[in-house]
Amino acid sequence: MLQEDGFRPLFDGKTLQGWRAIPRVYGAIYPGGPTVAEIWAQRGIPAPVEPEKHAAHWFVEDGYIVGEQEFAGSGYGGYLITEETFGDFELVLEARPDWPADTGIMVRRQRDSWEGFQILLDHRESGGIAGFFGNGLASFMAAPFKIKALRNEAGEPIGLQADTPEDSHEPLQPEQLAACPMPPMCRNFCKHGNGASGTKCASALWVPCR
């Protein structure tokens with residue numbers, strides 16, 4: 001049922017009715033190309049064992065959907081997907097990822113394939129938020145800015161600030177920024193997001209809107 005603003009809820013606040021969990025199983029880097037597992041083997045990176053058997057852990061708690069690895073540190077990620085499919089849509093949600101977390105929202109994904117567009121929701125050093133990543137689509141990235149933790153004197157993360165090229169793990173590339181037609185300012189994003197949790201953004205560090 002549509003609400004007055006034209007939106008309708010996908011989550012009933014109590015159950016995962018209309019949703020199902022599936023494991024994160026990597027495929028080819030690009031259509032017809034080598035698989036992620038093959039690339040990892042070439043680089044000596046251990047791949048998850050039988051990821052198809054581990055769909056992560058999704059549950060409802062205090063009116064929110066919570067997702068976590070099957071057991072902490074296992075490396076087994078997973079997706080929670082809707083049973084319903086959609087055409088053109090606008091999606092509004094609230095999220096509170098742990099730090100650090102490499103995560104996102106998959107859209108335009110084939111039901112039985114890993115290829116698709118991921119809206120970035122990274123909460124990690126040099127992570128991207130509000131950009132796009134091509135899963136199985138040559139790993140292309142469109143990123144308006146990248147973030148890092150704003151930390152207190154004890155070194156604990158208390159907010160977000162713009163990543164800086166001098167100490168970035170994955171510096172923002174010109175082509176990633178150019179792929180965003182109207183990139184928002186990181187300063188404004190941090191001010192809004194951090195303000196909700198009582199923290200602040202280092203507003204002197206930001207990627208300007210072009």
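The values are calculated or read from the model by the stated rules, or taken from the named source; none is laboratory data. Note that the structure is predicted; figures quoted are calculated from it, not measured. Note that each Cβ is placed from the backbone with ideal geometry, even for glycine, and that neighbours are counted across all protein chains shown.
Some observations on this one:
- Checklist (1) on the phi < 0 side of the Ramachandran plot; (2) out of contact with any strand residue (DSSP E or B) (no Cβ under 9 Å at 6 or more places or on another chain) applied to residue 62, failing item: (1)
- Scope segment 21-52; condition within 16 Å of residue 135 (Cα to Cα) and basic (Lys, Arg); matching residues: 24
- Among residues of segment 77-112, those that are over 19 Å from residue 17 (Cβ atoms) and in a loop (DSSP other than H, G, I, E, B), counted: 19
- Residues of segment 87-139 that are assigned by TED's automatic domain parsing to the domain that holds residue 171 and touching a residue at least 60 places away in the same chain (Cβ under 8 Å): 113, 114, 115, 129, 136, 137, 138, 139.
- The residues of segment 71-104 that are of a type in the set (Val, Ile, Thr), out of contact with any Asp or Glu (no Cβ under 9 Å at 6 or more places or on another chain) and surrounded by 13 or more Cβ atoms within 10 Å (Cβ to Cβ) amount to a single one, 81.
- When the test is whether a residue is closer than 25 Å to residue 29 by Cβ and not assigned by TED's automatic domain parsing to the domain that holds residue 176, residue 55 passes it.
- Looking only at residues of segment 6-42 that are hydroxyl-bearing (Ser, Thr, Tyr) and within 20 Å of the chain's Cα centre (by Cα), we find that the one that is surrounded by the most Cβ atoms within 10 Å (Cβ to Cβ) is 26.
- Subset of segment 114-126 (residues that are outside any strand (DSSP E or B) and of a type outside the set (Lys, Arg)): 114, 115, 122, 125, 126
- The one condition from (1) more than 24 Å from residue 107 (Cα to Cα); (2) exposed (fewer than 10 other Cβ atoms within 10 Å of the Cβ) that residue 45 does not meet is (2).
- The set of residues in segment 138-180 that are small (Gly, Ala, Ser) and part of a helix (DSSP H, G or I) contains only 178.
- Flag if residue 6 is assigned to a strand (DSSP E or B) and outside the structural domain of residue 151 (by TED's automatic domain parsing): no
- Some residue of segment 17-28 being over 22 Å from residue 114 (Cα atoms) and without any contact (Cβ under 8 Å) to a residue 60 or more places away in the chain: yes
- Conditions (1) free of Cβ contacts under 8 Å to residues at least 24 places away in the same chain; (2) assigned by TED's automatic domain parsing to the domain that holds residue 174: number failed by residue 70: (2)
- Filter pass, residue 129 being modelled with pLDDT of 90 or more, under 24 Å from residue 9 (Cβ atoms) and either outside any loop (DSSP other than H, G, I, E, B) or of a type in the set (Phe, Trp, Tyr) (or both): no
- When residues in segment 66-113 are screened for being more than 14 Å from the chain's Cα centre (by Cα) and modelled with pLDDT of 85 or more, 13 of them pass.
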